[in-house]
1. Which ones in the range 82-114 are surrounded by 13 or more Cβ atoms within 10 Å (Cβ to Cβ) and either touching a helix residue (DSSP H, G or I) at 6+ places or on another chain (Cβ under 8 Å) or charged (D, E, K, R) (or both)?
2. When you go through Gln195, Gln225 one by one, which is the residue that is over 23 Å from Asp169 (Cα atoms), surrounded by fewer than 18 Cβ atoms within 10 Å (Cβ to Cβ) and modelled with pLDDT under 90?
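The values are calculated or read from the model by the stated rules, or taken from the named source; none is laboratory data. Every value quoted in this text rests on a predicted model; they were computed, and no experiment measured them. Cβ sites come from the backbone with ideal geometry, for glycine too, and all protein chains shown count toward neighbours.
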Amino acid sequence: MRAILAFSVVAVLAFCAAGAAADSSGDYYADLDIDVSNTGHVTISGITNHPELESGTYDIYTSKSGAYWILNITHPEIFADYVYTLYMPSESTINYIRASGSIAIKKGGDRIMIEGVGNHEEFFIVVQYSTDPPDYSGYLWSLAIPALFAVLIAVRYRFRKRHTPRRYDPMMLSKRQLAIVSALEKNGKPMTQHQLEEALSLPKSSVSRNVATLVKSGILTKHSQGMSNSVWFSEK
C-alpha cells in the first residue's frame, strides 16, 4: 500500500513539473527598444522576463566580415507576446533582413527603424548591414576605361583620316612614282627628297623629276622645310 502511495505521489509531481515546464515555455514576453551603434554595440531597454534580453549593452549580437555587419538576435524559446523597435546605426544600409513575426521598416532622420511584433512563436531577427559609405571607385573605373578607349579610337580615327594618303590608281603611275608614294605611306609622315633618294637608292634627278610629276598630278604636295622641301600627300 505504501509503495502504491509513493508511486502516485511521484507521478503527480512529475505531471505537475511537466505541466509547469510546458506553461513556462510560452510565458516569455518582451517590449523592447534595441539600439545598434556604429561600433556594433547593442543596447537593449524595456520590459521582458527573458534573462538574455534584459536591459544592458551587449557585444555578442553583432559580428563583422569585411564591410558588412551581421546583427543576430535569436532566441528559440516560445514567446507569448513580443514587440520591439530596432534602431539601426546612423547612415547604415540594410542588405538583408529575416525576422519572426511581422515587421515594418521606417526611416527616422539618418537612421533606419525596424518595428516588429509577434506572439506564440520564437523570437529572432537577423540583419546584414553596412555602415561604410559606398565605394564607387570600381564603378567609376568601369565607366572611365570604356570612355578612354572611345577617346583613343576617335583620336586615332581623326589622325588616320587626316593623314590617310590620297587615293590614286597605281596602274597610272610609273615604277619609280609608285616606289615614292609607297615609301611615303610606309614612313607615315613627310619625307625630304634627300630622304627619298636614300630610302629608294635613286639618283637625285630621278626623284626630283618624279616628285614634280606627282605634285603636278595632285597626288603629292611640297612644303618648305629649312633648306629643303618635304613631300607628303595632298589633302585636296
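1. Across the range 82-114, the qualifying residues are Glu91, Arg111.
2. Values: Gln195 fails: modelled with pLDDT under 90.
Gln225 is the lone residue from the list that is over 23 Å from Asp169 (Cα atoms), surrounded by fewer than 18 Cβ atoms within 10 Å (Cβ to Cβ) and modelled with pLDDT under 90.
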